[in-house]
Structure formats: C-alpha cells, structure tokens
Amino acid sequence: MRLLIIEDYKPLQQSLTKGLREAGFAVDSTRDGKEGLWYAMGNEYDVIILDLMLPGMDGLEILKKMRTQGRKSHVLILTAKDTVQDRVTGLNLGADDYLVKPFAFKELLARINALLRRGYRQKNPIIKIKDLQIDLSTQKVWRGKEEIQLTPREYALLEYLAMRLGQTISRTDIWEHIYDFNSSASSNVVDVYIGYLRRKIEQPNKHPLIHTIRGRGYVLGVQ
Amino acid sequence: MICSLRTRLLTGIITGMILLLTIFSLLIYVMIRGALVKQFDKSLASVTQILAASVELDVNEVEMEFEVQQMPEFLNEEHPTHFQLWRADGAVIARSPLLDSDNLLRIEGSLNELVHTTSQDKNGRPQRIVGLTFMPRLANSERKDKGTDNQDSRQLMNQQALTLAVARDAGDLYGQLGFLRWLLLNASTAVIALSFILAAVIVKKGLRPLNSIAAEIATIKEDSLTTRITTEDVPTEVVQIKNRLNELLSRLEASFNRERQFNADIAHELRTPLSGLRSTIEVTLTRARDNDEYKRVLFDCEAIVENMQTMVGNLLMLARLDAKQISFQTEQIRLAELVNSCWQQFSDKAIERQITFDNSIEAEITCESDRQNLSIILSNILANAVEYADKGGQIRTTACNKDGSVELAVSNTGCQLTADQVAQVFDSFWRGDLSRSDTGTHCGLGLALVERLIRALGGNAFAELQSGGIFVIRLTFPEN
C-alpha cells in the first residue's frame, strides 16, 4: 500500500515516514505544499496524510485541487486545528478522516488501515481465501494452522492482492502500490516478489491461490 | 454624593418649584396686604380729618361737635371705631362713647403726615390707630381777625395744640389677610405636590431610553460581544452614549478576538512540537533499535524540547510585559560589547551557513538601559537574521547617536519578503515562511517580543526592506 505524507514539521514528517515504512507501507513524503500536490496528482496513492498549515500551498487548497481533478486517494487530515468548523471544512472538501495533533502513532496506523479497507470494500480485517488467512491488523498470515513468515515487502504484495481479491491486477498497478517514489526498482521486481510469495504460500498438496494471467497481470483467489 | 439621575432631576425640579412659588406667594401677599392696609388707613384718615375739623376752641373750652361724636361708626359695637382727644399737656378732652374709660395709644403726627400703627384693643382684637396733632379751629373768628397780641396768641396756640387718636377694629382686614396666607400656602403646596407627580412621570419617561440601553447592556456577556445596542428613538444626548458604547464594544470584540486567536495560535504552536515529540518516541518504541539510533532519537527530542522551551519563555515574557510585571535595572551599556556577547550563541550556525558577521558599532557608543532585556532583544534579532539570511550572506550591525537617543540597526542580506510582509514582521505568530519550512523551530514570537520589549524600555522598533533584499531592523531608544 502506498502512502503520501505532506507535513511541514520535520521531526513529525521524518518519524511518520520511518514508522509507516516500518509498518510495511511504501511512503513518499514532502514538507512543501506545492511539491505535495505534484506527488498527489502524479501517483495513485492509497492514503494521503495531509497537514493543513503548509508552506507553499495550504492543505485545504491541495485537497480541493485533488478532488476537482478527480483524484480518488483517501485523505487523512493531520492538523493542530481542532475546532468543529475546521473539521467540517476539511471533511466537506473531500477529506476521509481527521486526526488532531498530537496523536498516538498506533491510532494513525489504525485509521490508515481502516481507510485502506474502506478503499477496497473490505470491512473485515481478516481476509480468508480457502485456508489462507490474512490478518490485516496484526499483519500475520496463516495457511491452514501454519503461520507463514513474510518480509514486509512480501506482506505488502500479498495484502494488496488480497484487498483486490479475484481481480486481475497489472504489474504496474502492483508496483505503484508497493514501491515508493524513491525506490529504484522497476516493475520487473514484481515478478520476482510474486515468485517469493508463491514459494512461501503455495503448498504442493493444496489449491494454487496466486495465478498469472498472461499479458495482463496477477490475480489472487480460487479459480 | 452619588445618587440616581432620577433623584437628581426630581430634587432639582421640586426645589426650584418650592423656591419660585415661595417668592411669588410672598410677593403677592405683600402687594395685596399693602393695598388693603392702605385702603383701610385712607378711610381711617378721612374719619380722623372729619373729627379734627369738628373740634372747636371756644375761649378756653375745646368742643367737639356732638353730631360728629354720634356718627354711626363710633356706635357700631361689632366693628367699633374709637377716638380720643388730648390736650398738649396730656389731659383727655374727649373720647368715643364705646371707649368707656380706656385709653388709646397717643401718637403724634401732623396733618400732612398721619402716623398709623397697629395695636390691640382691650379684647385683644387687632386695630389700626392713626394719630394727629393739630390746631383746633377757633369758635370766634373775629378775635382771630383782630389779632390782639401776637405773642399771647402764639402762646395760646401752643397751649391749644391737641392730639387726636382714632382707632378702628382691623379684625376683618387681618382675617382677610390670614385667609390670603392660607390660600397661598395651600395652593403652593398643592402645586408642588402635583408638580412632583408630573415631574416623576416626565423624568421617568425621559429616562426610559437610558433604561432600555441599560437593559440591552445587561444582556451582553463576554461571549456575545458581537451584539450592538440597537435601541431606536434615543434622544440626541443619548445617541452619543449609544455610539460610544457600540464603539467600545467593537474594540472589546476585536481585543477578545485577538486574545482568542493568540490562544489558538499558542495551542497550535505547542501542539506541533508535541506531536513531533510523541510521534518520534512512539515510532522508535515500535521495535528494538540499536544504541546509536536511540541516541539519535534522544538528540532529536532534545532539540524539539529546546525549541518548545524558547517558545514558552517568549510567551511568558510577552504575558509579563502585558501585565507590566517586568522591572528594569538600568546601567551604562557599551553597545558594541553587548552585540558581540549576544552574537556568541549564533556564531557556530553562521559559520555553518557561511554567513559573515560585521559589527560596525563604534566602541564608545553607550546607552543607559536594562542589560538583560536589551540582550534578549538583540539575541532575538540576531537569531532571526542568522535564520533568514541567505547562505553565504552577511549580517551587519551599526549604531549612532541621534539627538538624545541611540539608533541601532541590524541588517541581513537575502530577504525574500515583500514590503507588505515586512510591515507584518512584528505581529505575534506571523512567519514569513510561506516559502520556507520551519514549523516548530520558529513560531513567530521573537520579533513580536522585540517590539514589545523595546517599547517597554522607552524605545521603538522599525523594520524595512532595502533594495537588494536587505532586511533591516532599526531600534531607537533613549540614551539615558
């Protein structure tokens, strides 16, 4: 899942970027409003974490521009402004959630996950495909009764495939959602990771779950 | 003494009414009394003259015509008129029939000038008396014509000068005057009582606009300062009060809004570093890290805390300045030295940013001021200059004496502000960082504090933009 952080206070921006990357997200981040808008317009982020008082361009302005241009990314406003009017203005301009500073990092994480599930119409935090079980909140994966250990990147890939269960997803799509802007990897790396994931998840006596659709991409599910 | 406007107006009106009515009543009474007494005395005088004319001197006998003595007024027992006639030696010659043996007051007056007075008769009733000393007419006119011996005649005449007193009962007159007094007193009292009621109504009605304004003011609470006094139909005098009150409300509202904005800004400015602190700590705690990383995080947190401490210190200083709780201790200060000592704390950062510092203040320029507060001012200005000067730029300080005051200027290159923005640099929480990212590091209180502090020290601060992006802060303050 790919996130964008637009926050001008350096310690917060840095710690959030670090924390969210460690949580398995592909994170782009910037401290400038205009740059933030440029990022938001150029990429399909799953969630954008947006501060309101920004140098260069106001957070609400970014939100308005994004929405008028038809960008569908979920937006979580992160600000020190806490009046009802501020919240209402933000939500009315198309924000999906609002978190007042200072906040608990765990809460931010939970809200991001909730937004992601909402985005992929996945209300249940536990996704089951046959005997494969993915717990989105603890990021743990089981096949039958056996827990499968995945690297953060492998988990991010599986999570994205699971969120779009049964849909064919292109390599570019996958690449865009699990790699951040600064990553040098190309979309070929997706095939490599699909290979890693298959090795860990697929078992010889069980149904194959990750399928390759030639020329189109991959799909997770039972065929 | 403070009393209500209503009481004051009523007291004034009623006192005025009492005074006017008393004066008018007295005037009317005196005039009517004078006229009545004059009329009474006139009729008494004519009786006296008739009586005097009826007295005849016959040889040595003085006679009064009997008919005259029997005139009806001398016999009227209800309102009696009395007379009494004396010789010059005091012997009584005649007295009116009703007088019996009583004596009237003997008053001497002349024909031209009758003497009137008021006394009481034996029953205690008031009476007016008139006195007249005259020469009786001689019964034999021939003797008078012959004119024997002039001296004898004169002697005789002297002996024959008579005194006549006529007294008339004045009960009716004084009764009428008494009634007049009663009438005037009661009428005045009634008028005063009625005017009190009338004045009370008028005053109440007159003061109604004030009451309605007071009622409106009573509804204004500190959280409803947007309301204005809207009472219509107010008299011109009160319109002024109403307008002034509305202006006062506007000023109060603006000041409350500023205060609210200031508090909101404080909350915002404190929340931002707090969120940074919390997030940094929480993210670090999500998993085990190596020692170097913990150390790095602690240094980051320390920097955040230091910034917060500076900000809280500035806020406290501003609050104390507002409450006038800062006392100053003046001493002779060498400005060049003070600037150099303030610069110490920024020199590292300046080297890092390749900024050159040029202190051009001449060593002999001094001023008398508070050292501690002046160094806070200078440190804030220098901190600002180091922060906003361009990399490789220059900071320069100059000073000069100018008719009794010192002018100190700190300039830095690389200013990216517009002239409009420069005009705002002394506002609290204003930051010229629309193109710069420094949230949490600088909260826009430094220059606000500079301006407030220099004013408390009796000086002034100005900011200006010179060509070539040179930003100058100029301080003027008294030499002594």
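The values are calculated or read from the model by the stated rules, or taken from the named source; none is laboratory data. Here the structure is a predicted model, which is why all the values come from computation and not from measurement. A quick note on method: Cβ atoms are made from the backbone with ideal geometry, for glycine too, and the neighbour counts reach across all protein chains shown. Calculation scope for accessible area: heavy atoms of the full protein, side chains included, ligands and nucleic acids excluded. Shrake-Rupley method; radii C 1.70, N 1.55, O 1.52, S 1.80 Å.
Where residues in segment A:71-85 are open to solvent by 40 Å² or more (accessible area, probe 1.4 Å) and within 10 Å of chain B (Cβ to nearest Cβ), which of them is farthest from residue A:49 (Cα to Cα)?
Step one: filter segment A:71-85 for residues open to solvent by 40 Å² or more (accessible area, probe 1.4 Å), giving A:71-72, A:81-85.
Adding the requirement that they be within 10 Å of chain B (Cβ to nearest Cβ) leaves A:81-83.
Working: A:81: 15, A:82: 16, A:83: 19 Å.
Per the criteria, the residue is A:83.
Can you pull out the residues in segment B:283-294 that are part of a helix (DSSP H, G or I) and either open to solvent by 50 Å² or more (accessible area, probe 1.4 Å) or not assigned by TED's automatic domain parsing to the domain that holds residue B:305 (or both)?
Taking segment B:283-294 first, the residues part of a helix (DSSP H, G or I) are B:283-285, B:291-294.
Answer for segment B:283-294, where residues must be part of a helix (DSSP H, G or I) and either open to solvent by 50 Å² or more (accessible area, probe 1.4 Å) or not assigned by TED's automatic domain parsing to the domain that holds residue B:305 (or both): B:285, B:291, B:292, B:294.
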Suppose we keep only residues that are of a type in the set (Asp, Glu) and without any contact (Cβ under 8 Å) to a residue 24 or more places away in the chain within segment B:248-301. Which one would you say is nearest to residue B:229 (Cα to Cα)?
B:259
Filter segment B:421-469 for residues that are acidic (Asp, Glu) and modelled with pLDDT of 80 or more; the one that is surrounded by the most Cβ atoms within 10 Å (Cβ to Cβ) is B:451
Residue A:59: more than 9 Å from chain B (Cβ to nearest Cβ) and at negative phi, yes or no?
yes
Considering each residue of segment A:171-197, count those that are within 23 Å of residue A:30 (Cα to Cα) and either touching a Pro at 6+ places or on another chain (Cβ under 7 Å) or outside any helix (DSSP H, G or I) (or both), and give that number.
8
Being aliphatic (A, V, I, L, M) and either at positive phi or not in a helix (DSSP H, G or I) (or both) is the filter here; which residues of segment A:82-102 pass it?
A:93, A:95, A:99, A:100
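When segment B:191-228 is examined, which residues are found to be basic (Lys, Arg) and touching a residue at least 12 places away in the same chain (Cβ under 8 Å)? Lay out the reasoning, then the answer.
Step one: of segment B:191-228, the residues basic (Lys, Arg) are B:204-205, B:208, B:221, B:228.
Result: B:204, B:228.
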Looking at segment B:223-235 only, could you name the residues that are loosely packed, with under 10 Cβ neighbours inside 10 Å, under 18 Å from residue B:254 (Cβ atoms) and under 26 Å from the mean Cα position of the chain (by Cα)?
none
Pairs needed: first member in segment A:32-43, away from chain B (no Cβ under 14 Å); second member anywhere, open to solvent by less than 50 Å² (accessible area, probe 1.4 Å) and in a helix (DSSP H, G or I); C-beta distance under 8 Å; at least 6 residues apart or different chains.
A:37/A:62; A:37/A:66; A:40/A:62; A:40/A:66; A:41/A:66
Just a yes or no: is a residue in segment A:45-55 in contact (Cβ under 8 Å) with a residue 24 or more places away in the chain and under 23 Å from residue B:297 (Cβ atoms)?
yes
Quick one: what pairs do we get from segment B:352-367, first residue assigned by TED's automatic domain parsing to the domain that holds residue B:338 and closer than 23 Å to residue B:480 by Cα, second in a loop (DSSP other than H, G, I, E, B) and open to solvent by less than 80 Å² (accessible area, probe 1.4 Å), C-beta under 9 Å, 6+ apart or different chains?
B:366/B:479; B:367/B:479
Check whether at least one residue in segment A:1-11 is free of Cβ contacts under 8 Å to residues at least 12 places away in the same chain and within 10 Å of chain B (Cβ to nearest Cβ), and report yes or no.
yes
Filter result (of a type in the set (Val, Ile, Thr) and either modelled with pLDDT under 80 or closer than 22 Å to residue B:80 by Cα (or both)) within segment B:104-141:
B:107, B:115, B:117, B:118, B:129, B:130
Does residue A:24 satisfy the criteria of being under 29 Å from residue A:164 (Cβ atoms), within 14 Å of chain B (Cβ to nearest Cβ) and assigned to a loop (DSSP other than H, G, I, E, B)?
yes
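Within the group A:138, A:168, which residue is among the polar types (S, T, N, Q), surrounded by fewer than 20 Cβ atoms within 10 Å (Cβ to Cβ) and within 14 Å of chain B (Cβ to nearest Cβ)? Break it down stepwise before answering.
Numbers: A:168 fails: within 14 Å of chain B (Cβ to nearest Cβ).
After applying the criteria, what remains is A:138.
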Check off (1) of a type in the set (Val, Ile, Thr); (2) farther than 26 Å from residue A:137 by Cβ; (3) touching a helix residue (DSSP H, G or I) at 6+ places or on another chain (Cβ under 6 Å) for residue A:84 and give me the number that stays unchecked.
(3)
Among the numbered criteria (1) away from every other protein chain (no Cβ under 11 Å); (2) open to solvent by less than 90 Å² (accessible area, probe 1.4 Å), which single criterion is violated by residue B:271?
(1)
For segment B:295-323, give me each residue that is surrounded by fewer than 18 Cβ atoms within 10 Å (Cβ to Cβ), more than 30 Å from residue B:450 (Cβ to Cβ) and within 14 Å of another protein chain (Cβ to nearest Cβ).
B:296, B:298
Is it the case that some residue within segment B:214-222 is surrounded by fewer than 12 Cβ atoms within 10 Å (Cβ to Cβ), assigned to a loop (DSSP other than H, G, I, E, B) and under 59 Å from the mean Cα position of the chain (by Cα)?
yes
The condition from (1) of a type outside the set (A, V, I, L, M, F, W, C); (2) in a helix (DSSP H, G or I); (3) away from chain B (no Cβ under 14 Å); (4) open to solvent by less than 20 Å² (accessible area, probe 1.4 Å) that residue A:19 misses is numbered (3)
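Conditions tested, residue by residue: (1) out of contact with any helix residue (DSSP H, G or I) (no Cβ under 6 Å at 6 or more places or on another chain); (2) closer than 30 Å to residue B:122 by Cα.
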position: B:169; (1), (2): yes, yes
position: B:173; (1), (2): no, yes
position: B:183; (1), (2): yes, yes
position: B:186; (1), (2): yes, no
position: B:189; (1), (2): yes, no
position: B:194; (1), (2): yes, no
position: B:203; (1), (2): no, no
position: B:208; (1), (2): yes, no
Working only within segment A:99-128, note down all residues that are over 23 Å from residue A:158 (Cα atoms) and open to solvent by less than 20 Å² (accessible area, probe 1.4 Å).
A:99, A:101, A:103, A:105
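Which residues, taken from segment B:337-374, are part of a helix (DSSP H, G or I), surrounded by fewer than 17 Cβ atoms within 10 Å (Cβ to Cβ) and not acidic (Asp, Glu)? Break it down into steps so the answer makes sense when it comes.
Within segment B:337-374, the first condition is being part of a helix (DSSP H, G or I), and the residues that meet it are B:337-352, B:371-374.
Add one more test, that the residue is surrounded by fewer than 17 Cβ atoms within 10 Å (Cβ to Cβ), and what stays is B:337, B:340-341, B:344-345, B:347-349, B:351-352, B:371-372.
Answer for segment B:337-374, where residues must be part of a helix (DSSP H, G or I), surrounded by fewer than 17 Cβ atoms within 10 Å (Cβ to Cβ) and not acidic (Asp, Glu): B:340, B:341, B:344, B:345, B:347, B:349, B:351, B:371, B:372.
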